[in-house]
Amino acid sequence: MSTEIESVLIENRVFPPFPNLVKGAAISGMDAYQTMCEDARKNPDAFWEKLAREHLVWDKPFTQIVDDGKAPFYRWFGDGELNVSANCLDKHLGTPTANKTAIIFEADDGKVTQITYKELHARVCQFANGIKALGYKAGERAIIYMPMSIEAVVAMQACARLGIIHSVVFGGFSSKSLHERTVDVGATLVITADEQMRGGRSIPLKSAVDESLEMGGCEGVRHVIVYRRTGGQVQWRDGRDLWMHDVCGNQADTCEPEQLNAEHPLFILYTSGSTGKPKGVQHACAGFLLWALLTVKWTFDAKDSDVFWCTADVGWVTGHTYVTYGPLAAGLTQVVFEGVPTYPDVGRFWDMIQRHKVSIFYTAPTAIRSLTKAAEATPERHPREYDLTSLRIIGSVGEPINPEAWMWYYTNVGGERCPVLDTWWQTETGAHMITPLPGVTPLKPGSCTLPLPGIEAAIVDEAGDEVERGKGGFLVMKRPWPGMIRTIWGDPDRFKKSYFPPELKGYYLAGDGAQRDSDGYFWIMGRIDDVLNVSGHRLGTMEVESALVAHDLVAEAAVVGRPDATTGEAIVAFVVLNRNLPDDSEAETIAKTLRDWVGKEIGPIAKPKDIRFGENLPKTRSGKIMRRLLRVVAKGEPVTQDTSTLENPAILDQLSKAR
Ligand code: PRX
């Protein structure tokens, strides 16, 4: 593990909670928060037991709380039984929520479709019945590769209803990435769409599924169910391919939910780690649902009258927790958006908030930073030109939000009336872990502030001992929590090694560096492993390197991150070709070829922003690539570090000059 940590600006401004939000908040006031934290510390079992009984509907009540007999493979509420979809939908039938709008769906072209809880329940049941009629059973795995749509939520919920474990793959991933996940998860079903619409353009999805299935190793896939989104041309394999509307056909609109063990896997979601192979993060039904629901109630202080909008795609964990599961379990009305923030113009988000009277808005720092620039360039689309007074809470997720972006968001979007909730969490944590609470926490721009009740976050050194305030170290969780990752699908050893290294006393290692200030506030300082965060998307440097070296022209490649004003981090690749060094114009052509190649191998999000060619890479005499130096070169800074252990110091000069 490396202690090398990028530093962040430590801000001094403090914004106390707004009195109108403190009053009536789910957690109201610092004293209430501290009491909850204290209760959880003193008697964690009683703390979690009460919450799980109060907030979830159980088919068979649990008697066990946390079972640590096989730690770190914790089990939560392990002898209880329930169904996640029933907790998101059936629970509301027979209550006033049944006729409430569950989803306001806005398509890329602006067309709005609304669906009530009752209608959504019926749609989910019909689709679940259709899948069941095809012979699918609890425990099988389904790949979902769909655009943002009501149908994507229906597909996920239908799987949850039957105990089919879904693995959603972001629609921006290539057929190759899709293939890798389909094989790893051992999928028997794929649910997709003909095409997706983004910014006025149609992007094929079904053809990527066809390609991925032709790559071999996915012979277990019996059906591909296709949602007709655009009506675009698709290839069809009779017997395997089915339209979603035909699968639903005349199916009944009620479907008995499967009574599942609390620990039954709900989903597997792939995320990047420090090796080339993405990890299938496995979450369990009851624990995940509890944590998703509690954080919607606590962090967002969600009320029945709220209109909630999380802009994340269901291809990422944020879309799982804060689109498909949390808001529905809480009975909220939410906006689901198909398109992009810049189409038809850069005011799209603000216009949507105004039209749908959004009161809780949750997005990523990258979106905020790019919209800041756009609003300044296009004053008529500046958020101040829109009525955003419906907003009461605004949140941020996925990457550090720099104080400037925080202040812009607070002032221009929140109108200085809404707290900015900088929520720190991960695919592995299931839901928020360290975040301000609207009725509790004084805010400091750039800090995710304090852990939620029940979460024992700490900063430790290499031996697992807590470091002093103000000192950097590894962010860990000292105790398990219900929403935590259960294992890495098919690789329990990697799970143990990655998250519970023996030297850290059994603590959960998040993979982020952080420090605490004198008030105990947490400041995240970036990853401690070879994971990049580009526009809030996690990517392993090794994944990009493997994609590059798979190209015939490439002999060797090293990939590092460089701070970027819009995307947070940008990918810089240093490449040694299988031929002589290209001249400038050749370099440009080859760089484009390689960029497109990576786009095809992984997906457009992984395309390096900058590719530099050299005759070699900076290596130690034992042949290890010195990424530390490459990071300096990538930033365009002079190398002042000791380079005496380098085999070939002159290479740094070449790489610094190369374009
Ligand atoms: O480095 C942290 C960063 O994103 C990583 C988790 O990425 P992922 O699993 O894709 O989940 C993203 C959505 C939760 C973390 O290890 N990260 C996430 N939120 C923040 C953050 N870094 C700083 N501040 C945050 N609020």
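Quick notes on this one:
- Counting only strands (runs of 3 or more DSSP E) that sit completely within segment 345-428, those holding 1 or more residues that are among the hydroxyl-bearing types (Ser, Thr, Tyr) and more than 21 Å from residue 108 (Cα to Cα) correspond to 393-397, 420-423.
- Annotation note: of 372, 378, the sole residue that is over 24 Å from residue 483 (Cβ atoms) and surrounded by fewer than 19 Cβ atoms within 10 Å (Cβ to Cβ) is 378.
- In summary, residue 461 fulfils each of the numbered conditions (1) in contact with a strand residue (DSSP E or B) (Cβ under 6 Å, 6 or more places away or on another chain); (2) within 17 Å of residue 510 (Cβ to Cβ); (3) within 16 Å of the ligand (Cβ to nearest atom) with the single exception of condition (3).
- Identity of the residue in segment 416-432, of a type in the set (A, V, I, L, M, F, W, C) and near the ligand (Cβ under 7 Å from one of its atoms), that ends up farthest from residue 269 (Cα to Cα): 424
- Taking the criterion of being in a helix (DSSP H, G or I) and over 30 Å from residue 352 (Cβ atoms), the only residue of segment 56-89 that qualifies is 86.
- Unique match (being within 16 Å of the ligand (Cβ to nearest atom) and crowded, with 23+ Cβ neighbours inside 10 Å) among 285, 310: 310
- Within segment 532-553, residues that are closer than 24 Å to residue 428 by Cα reach partners that are among the basic types (Lys, Arg) and within 13 Å of the ligand (Cβ to nearest atom) with beta carbons closer than 8 Å, at six or more positions or on different chains, in the pairs 532/538; 533/527.
- Among (1) over 21 Å from the mean Cα position of the chain (by Cα); (2) at pLDDT 95 or above, the one test that residue 166 misses: (1)
- Some residue of segment 343-361 being modelled with pLDDT of 95 or more and within 16 Å of the ligand (Cβ to nearest atom): yes
- Only a single criterion out of (1) part of a helix (DSSP H, G or I); (2) of a type in the set (A, V, I, L, M, F, W, C); (3) assigned by the TED database to the domain that holds residue 471 is not satisfied by residue 523, namely (1).
- Residue in segment 470-479 that is crowded, with 20+ Cβ neighbours inside 10 Å, within 20 Å of the chain's Cα centre (by Cα), modelled with pLDDT of 95 or more and not hydrophobic (A, V, I, L, M, F, W, C) present: no
- Which numbered condition residue 234 misses (of (1) within 16 Å of the ligand (Cβ to nearest atom); (2) under 28 Å from residue 221 (Cβ atoms); (3) among the β-branched types (Val, Ile, Thr)): (1)
- Check on residue 513, in a strand (DSSP E or B), modelled with pLDDT of 95 or more and either within 15 Å of residue 426 (Cβ to Cβ) or not assigned by the TED database to the domain that holds residue 374 (or both): yes
- Of the helices (runs of 4 or more DSSP H) contained entirely in segment 148-230, those carrying at least 3 residues that are of a type in the set (Val, Ile, Thr) fall at 150-162, 175-185.
- Matching residues, segment 398-415, being of a type in the set (Gly, Ala, Ser) and either in the same structural domain as residue 12 (by the TED database) or near the ligand (Cβ under 10 Å from one of its atoms) (or both): 398
- Filter result (within 12 Å of residue 121 (Cβ to Cβ) and of a type in the set (D, E, K, R)) within segment 50-99: 90, 91
- Checking the stated criteria, residue 583 turns out not to satisfy the condition of being outside the structural domain of residue 435 (by the TED database), farther than 30 Å from residue 75 by Cα and within 16 Å of the ligand (Cβ to nearest atom).
- Output for segment 179-194, where each listed residue is closer than 18 Å to residue 109 by Cβ and crowded, with 23+ Cβ neighbours inside 10 Å: 193
- Checked against (1) away from the ligand (no atom under 16 Å from the Cβ); (2) at positive phi, residue 372 meets all criteria but (2).
- Considering only residues in segment 530-554 that are closer than 30 Å to residue 422 by Cβ and polar (S, T, N, Q), the one that is farthest from the ligand (Cβ to nearest atom) turns out to be 541.
- Candidate set: segment 519-529, residues that are at negative phi and within 11 Å of the ligand (Cβ to nearest atom); chosen: the one nearest to the chain's Cα centre (by Cα): 527
- One residue from 573, 557 being away from the ligand (no atom under 16 Å from the Cβ), closer than 24 Å to residue 498 by Cβ and out of contact with any His (no Cβ under 6 Å at 6 or more places or on another chain): 557
The values are calculated or read from the model by the stated rules, or taken from the named source; none is laboratory data. If you're wondering where the values come from, they're calculated on a predicted model, not measured in any experiment. Positions of Cβ are backbone-derived with ideal geometry, glycine not excepted, and every protein chain shown enters the neighbour counts.
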